[in-house]
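Nothing in this text is a laboratory measurement; each read-out follows from the coordinates by a stated rule. Quick caveat: nothing in here was measured; it's all calculated off a predicted structure. FYI the Cβ positions are ideal-geometry reconstructions off the backbone, even for glycines, and counts take in every protein chain you see.
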Amino acid sequence: MGMRGPAPTPTALRVLEGNPSKRPLNRQEPQPRARAPKCPDHLDDGAKKEWKRLLPILRRMRLVTEADGIALGNLCQAYSTMAQAQVKLNKTGLLYGKEGQPIRASPLLRMTSLCT
């Protein structure tokens, strides 16, 4: 059986709010370093370009830590895949069909909905 009730509020947020419940703060909460994660090698060129665009923005906002590399990499790769599919879709059109076959919606339509 899982935990009941709402998820605990992170300690940093409780400190910012002035610890309204006046309960003791969790001093054992993990604190990842506010260091930029390393760009994964497996990203394609479009994803690496998006990584280089997003990382400075997230660092300025102090929203990225060393623990965010996988999630940011996945976001950048999904964006790159969606952009490539959209470029192909723009060239081929929304519908396709071969001689004598009915016209169908392009399977690329599913790829372009990755980021929406």
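Pairs of Cα atoms nearer than 8 Å and 6+ residues apart set the relative contact order; for the chain it is 21 percent. Cβ crowding within 10 Å ranks Ser80, Ser21 as Ser21, Ser80, fewest other Cβ atoms first.
Within straight-line reach of Lys22, meaning a Cα separation under 17 Å, there are no lysines at least 8 residues removed in sequence or on another chain.
Assuming R0 = 22 Å, can you tell me the calculated FRET efficiency for the pair Val15 and Leu63, based on Cβ-Cβ distance, to the nearest 0.05? Plugging the Cβ-Cβ distance into 1/(1 + (r/R0)^6) gives 0.80. What does the C-alpha gyration tensor say about the overall shape of the chain? Classify as rounded when a/c is under 1.5, otherwise prolate if a/b is larger than b/c, or oblate. Taking the square roots of the gyration eigenvalues as a ≥ b ≥ c, the chain is prolate.
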